[in-house]
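I have placed the structure first, in the form of structure tokens, so that the comments after it can refer back to it.
Readers should treat all values here as calculations from the given coordinates under stated rules, not as data from a laboratory. Given the structure is predicted, the values throughout are model-derived calculations rather than measurements. Cβ placement follows ideal geometry from the backbone for every residue including glycine, while neighbour counts extend to all protein chains displayed.
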Amino acid sequence: MSSVENAGQLSRRQILAAAGFIGLATLTGCGSGDDGGDSKDLSKKQNGAMKDYRAGQQFKAAKPLSLSVLHNDNPVYPMKKAWLFWKELTERTGVTFEPVAVPLVDYEKKRSVLIGSGDAPFLIPKTYHPAEVAFVSSGAILPVSDYVHLMPNFRDKVKRWRLEPEIDSIRQSDGKFYLLPGLHEKPRSGYSLALRTDVLGRLGLSLPTSWDEVYEVFKAIKAEHPDRYPFSDRWSKNTPYPAAALFSYLGQAYGVRAGWTYNTIDWDVKAGKFVFTGTTDAYRQMIEFVRKLVAEKLVDPESFTQTDDEAVQKLLGEKSFAISANPQELVQNYRFNLEKQVKGAEIEMIPVPLGPAGPVVLGGVRLENGVMISSKALKSDSFVAMMQFVDWLWYSDEGQRFARWGVEGVTYTRSGSQYKPKPGISLMGSDPDAPKDMQKDYGFYNGVFAYGGSWELVSSMFSPDEKKFQDAMSQREQTPIAPAHPLQSFEQEQASLWETPLRDHVTQNTLKFVLGKRPMSEWEAYVTELKAKNMDQLVDLHNKAYERFKKENG
Amino acid sequence: MVKPSRSYRVFQGVNGVILTLVVIVTLYPFANIVARSFSSERQIRAGEVTLWPKGFNLTTYKIVFQDSMFWRNYGNTVLYTVVATAVAMILTTCYAYVLSKKHLKGRGVLVGVAVFTMFFTGGLIPNYVLVTSLGLKNSVWAIALPNAISVFNLLVMKAFFESLPTELEEAAQIDGLSTYGILLRIVLPLSKAVVATMVLFYSVSFWNSWFSAFLYMDKSELMPVTVYLRNLISGATTGGNAGAADAQLSQVGANIQAVTIVLTSLPILCVYPFVQRYFVSGVMLGAVKG
């Protein structure tokens, strides 16, 4: 450890701290070392396992097993014991889930307590990377990468869909990954701009395809309605970033991660190194674009502070004519309510308008939230069967279809790639008058079990609007994915100490620049302020980690 | 009585106006929630509902009334509140009574033990491990026992007991009452005010509490209604998170939230007026002694 070598220059307190670290590291090292010894030999953990379990094969435990699982209880479809999902799952696989129900809103909190106290269920789904990193050093969760050889479907999909770079991006400094992420064949775009097409039609405008055209369209609407804002946005509350959706898809057009997708550190392909997102040229151009919209009163300045409801009310009250959307909100909220309130109103969501970065979508979005596995599961004699089961339910075509659509002939019908809920069953509001609901009454399409999958399966659930949107978006090219650059745990702590003030400063000043409260001539000053907050050190830290990982893991 | 001066009457007038405004500001959100609970989803979404329901209907109430999980959790809340309050009252009364005895040896230490917990706690995970290894998880005791003594309530009660004349207890002792007899037959009947106050304090806090239940209960049918409500409300507002699986994007209706809020806060609101008359005298009696 380098800290010992420079001990001469360090204060006594620092040496003590360093000694403590080393002590801890050795202790935890020993702990995982022991597990590692056991783990090589899985011959005694074969209880209920299938002998030659292969990709595409139905998993059926050799004898009935039960498996504890943390269950994120969604208030929209509260967990019921009577769900067909549980029953059918046991019938098909011989595995019975023992769910520990945790209310969705405090899921992360309870998960930490359960893992911290060693009381966690074997399976811990609905974990978003990098949430698993916090538990790595405690040794409480399993380095699942050591056991993917038990998971043929997982390996098959990673290989076929070329997900290796994505998987590499979640590796820790030991080269292992601790989360089994949801895998997507194609990136799925979520958000874009929705516009009142009837208003555009009246003004003789066509749907904009680039941000320059969006600007022109807004100007035309403004000329027609000088007293109103063409665009008033939402998703500024309950998120650390104002107008989180807008910046996210606008940033994509500029090739930067902003808004929801903001990442303090980003990979610069040309330079081959990591850079600070908030000071890149692209980020500045993006700010200047929104600043222009605000200055010309084309976007409502309250967009960055108001609640979602306020923004939607402006749209419904025709005080604005454009808003950020996702396919669900477009159909279930905007269109549904507009049709009732405004005669002849039509609203469409457009494919994300193009910007300087060309037709791209952000890379790295093909991984979704996933499953962590408790280390103590390894001690169970049915460990192998458990891994096979996880592989079947979350990664096999059949398991994914089952979790999404349920039982053919009972909850859905299918012809080719066309899936339909059975009459009398509503899926995500597809039939408001249906007596039963796919999620509430049957337990399928549950966020805990159903995610990821082939494009065919994922798109089988699209509404016509979303289909049109996704078809257009899936033509675009992915931006390159940042190479693995895992930090060691003490670096991680240092990085988060630096990162929080940096991120706050970027967010605050993004807003100031955008709203015209700070002139663009102060951009250099802004960069200097970030430097004073250890921007360069943070970038260095990540670049060093990148070099180190490259050297150690080829 | 002296006739109030002019300036005093002006002061009272201004005071009245300001306080009325405060009352309106405080009551408005509640009135709004009540109005929403009787309104149609569409009108709420359009922001038309303020003080009076728009598109009056009772359908939402019917929907919530039919939700068996809501009633199950509601029943849990009643059960947890009753059991936990009873346990808390017995333990707090006994502890406070002991502490109020000036001649007790080691009284300082006993007070210190209690006050210590106001400043330091074991932390979340040790607490969790303790409760789990005592086998209290998934039972009412996980809620009742760890929160049985609120040190603030304990000190208020202790001060109240100290204010009772010692002569009374001496007289009772001479007449042949045991220690428990004195507590049950003399002290407690004289302490109705503080007991009522403490019952109110405890029951309100148990009724509203959600965290220990959230922590120690693993099944949704064991949760109190507060957890149900919390999940319902925030589940609806965090629907737009990036990266949330699409299966989670649908939202709970605003009117359903409103109905649940009304139904949850109603009982405890009804209890208040009945206990409130004890409330002022109870706390004051304890406090002035100091």
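Fewest Cβ neighbours within 10 Å first, please rank A:V384, B:V271 accordingly.
Going from least to most buried by this count: B:V271, A:V384.
Calculate one ³J(HN,Hα) per residue across the range A:133-149 by plugging θ = phi - 60° into the Karplus curve 6.51 cos²θ - 1.76 cosθ + 1.60, and present them in order as whole Hz with x for glycine and proline.
Working through the residues one at a time gives 4, 4, 9, 4, 5, 6, x, 7, 10, 7, x, 4, 4, 6, 10, 5, 5 Hz.
Rank by packing, highest mean first: peptides A:466-478, A:447-459, with packing defined as the count of other Cβ atoms within 10 Å averaged across residues.
Descending mean neighbour count gives A:447-459, A:466-478.
In chain B, if the dipole is taken from +1 on Lys/Arg beta carbons and -1 on Asp/Glu beta carbons about the Cα centre, which of B:T59, B:Y228, B:V262 is farthest to the positive end?
Farthest towards the positive end: B:V262.
Choose one answer from B:L184, B:L51, B:L155: the residue with the largest mean-square fluctuation in a GNM of chain B with alpha-carbon springs under 10 Å.
B:L184
What is the sum of charges around A:I115, taking Lys and Arg as +1, Asp and Glu as -1, for the other residues whose C-beta is under 14 Å from the C-beta of A:I115?
+2
Note down the magnitude of the dipole of the range B:67-289 about its Cα centre, charges +1 on Lys and Arg C-beta and -1 on Asp and Glu C-beta and zero elsewhere, to the nearest 20 debye.
Using Cβ point charges on Lys, Arg, Asp and Glu, the range B:67-289 gives about 360 debye.
Per-residue Cβ counts within 10 Å, from other chains only, averaged over A:105-113: what number is that?
Average per residue, whole number: 4.
Excluding residues on the same chain fewer than 8 positions from A:K544, give the lysines whose Cα lies under 20 Å from its Cα.
In chain and number order, the partners are A:K176, A:K270, A:K273, A:K531, A:K533.
Quick one: net charge of A:Q57's neighbours, Cβ under 15 Å, K/R +1, D/E -1?
Residues near A:Q57 contribute +2 overall.
To the nearest whole number, what is the average tally of beta carbon atoms from other chains within 10 Å of the beta carbons of peptide B:125-135?
3
Let's see if you can work this out: charge +1 on each Lys and Arg Cβ, -1 on each Asp and Glu Cβ, no other charges. What is the dipole magnitude of the protein assembly as shown about its Cα centre, in debye to the nearest 20?
Around 1600 debye, computed over the protein assembly as shown.
Under the rule a/c < 1.5 gives rounded, and otherwise a/b versus b/c splits prolate from oblate, where does chain B land using the Cα gyration tensor?
Because a/c hits 1.5 or more and a/b fails to exceed b/c, chain B counts as oblate.
In which sequence would A:V390, B:V129 go, from the one with the fewest C-beta neighbours within 10 Å to the one with the most?
B:V129, A:V390
Would you mind counting up the charge near A:R202? Only other residues with Cβ under 12 Å from its Cβ, with Lys and Arg at +1 and Asp and Glu at -1.
Net charge in that neighbourhood comes out at -2.
Calculated from DSSP H runs of 4 or more alone, at -39500 (n - 2.57) each and per residue, what is the 222 nm mean residue ellipticity of the protein assembly as shown, nearest 500?
After summing the helix terms and dividing by residue count, I get -16000 deg cm²/dmol.
Under the definition of partner shielding as Cβ atoms of other protein chains within 10 Å of a residue Cβ, what is the mean value for peptide B:221-233?
3
Using a/c under 1.5 as the rounded threshold, could you call the range B:6-57 rounded, prolate or oblate? The axes a ≥ b ≥ c are square roots of the C-alpha gyration tensor eigenvalues, and prolate needs a/b larger than b/c, oblate otherwise.
prolate
Label B:K219 and B:V109 with points 7 Å out from Cα along Cα→Cβ: what is the distance between them in nm?
Output for this residue pair reads 4.4 nm.
Give me A:W83, A:W394 sorted ascending by neighbouring Cβ count inside 10 Å, so fewest comes first.
Listing A:W83, A:W394 from fewest to most nearby Cβ atoms yields A:W83, A:W394.
Using the Cα gyration tensor of the range A:436-488, with a ≥ b ≥ c the square roots of its eigenvalues, what is the shape: rounded (a/c below 1.5), prolate (a/b larger than b/c) or oblate (neither)?
oblate
List, in the order given, every pair from A:K80/A:K340; A:K81/A:K467; A:K422/A:K467 whose Cα-Cα distance in the structure shown is over 27 Å.
A:K80/A:K340; A:K81/A:K467
Projecting each Cα onto the charge dipole of the protein assembly as shown (Lys/Arg +1, Asp/Glu -1 at the beta carbon, about the Cα centre), which of B:V194, A:S374, A:W455 comes out farthest on the positive side?
Value: B:V194.
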